[in-house]
Amino acid sequence: AIGNGQWPTDCAAAVVENIGIVQKIGFTGLNISYNAIDPTTLGFGTLIAVDLIKVPIPNFVWPLTECGQHVTLVDDNNTVAAYDNPSGPISVKDGVASISVNAAVKIPLGQEDNFSAFMAKIITQVSHSFTVRGYFNATVKTNPSLSPVKIPEFFQVTNVGYETSLTVGGCANFPKIGFLQQGNFTLDPATGFYILKFTANINNPSQLILSLGDVTYQLTLNNEIVGTVLFDDVNLIMGDNPLSAIATIKSKAAYDTLISVGASFGLQGFNGSSTHPILSKALESVRSQLPMPKLSPAV
């Protein structure tokens, strides 16, 4: 099979065990974007590190030049997403192949709720494990001058299968949300609601970069819903993220507490946290805290 560069599809799943080319798969910096018009299509980017079998030949480097992939993400035995990464460059160093991925992830028809549940686990838990399954096609560079018979300079190795369990650090319900600066604080005479513009910081402890768009949470105080807070154009890198926010406080008692001693509001997701229906369902599980200091009264 290696001679003609063809690995039959029915051998793909056995390649890892029988030949052992792929020893381990790792993903670095998972980037997920919910900005596509089609809610079942997500932007996805990452750097994949593939540990290849060690060959006991001094200075041997696997002669791989290009690689394309088909990958599925499996959570609780459900195929919640899949992507095809067109053929692109691959680099190999110290037995590790690095593949850069920028692709559109598709959520299979009927798996929308399962994908929401998958993302809810990543957003609310400290870590989450799931299965990555797929195969890749690689272009191998040969050295015809060393061959006793005529061979092509490049040939294709197809259907190299792999399956691995991947554990990623999650957002853990965003445990560190801070109040940075008060902006305009006004009373809306038409509704009687208090409108507070402010800057917040959301620390993202996960291994993901998340582009979520506008996100709204319910504000709670003493276990009662007292308003909402809108975080504008949420793009979370790993670590600290200053964001513009608008709180709508509908409770006079909550307002009085805020301007007298400050308040630690609860944040909770709800059906309507995002205009993206699949993301909104995932955000329903979010439970966090937003402490606010004593503020100047509304004008």
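A few notes on this one:
- Residue ID - farthest from the chain's Cα centre (by Cα), chosen from residues in segment 108-119 that are surrounded by fewer than 20 Cβ atoms within 10 Å (Cβ to Cβ) and either of a type in the set (A, V, I, L, M, F, W, C) or not assigned by TED's automatic domain parsing to the domain that holds Ile25 (or both): Leu109
- Put simply, of Ser211, Ser288 the only residue that is over 18 Å from Pro175 (Cα atoms), modelled with pLDDT of 95 or more, among the polar types (S, T, N, Q) and in a strand (DSSP E or B) is Ser211.
- Restricting the first member to segment 270-299 and to residues that are without any contact (Cβ under 8 Å) to a residue 60 or more places away in the chain, and the second to residues that are surrounded by 13 or more Cβ atoms within 10 Å (Cβ to Cβ) and among the aromatic types (Phe, Trp, Tyr), the beta-carbon pairs closer than 8 Å and six or more apart or on different chains are Phe270/Tyr217; Ser273/Tyr217.
- Of all residues making up segment 251-296, the number that are on the phi < 0 side of the Ramachandran plot and within 23 Å of the chain's Cα centre (by Cα): 22
- Looking across segment 119-159, the residues that are at pLDDT below 85 and among the aromatic types (Phe, Trp, Tyr) come down to Tyr135, Phe136, Phe154, Phe155.
- Test for Ala298: is it more than 25 Å from Asn114 (Cβ to Cβ) and in a helix (DSSP H, G or I): no
The values are calculated or read from the model by the stated rules, or taken from the named source; none is laboratory data. All values reported here derive from a predicted model rather than from experimental measurement. Don't worry about glycine lacking a Cβ; one is built from the backbone with ideal geometry, like all the others, and counts go over all protein chains shown.
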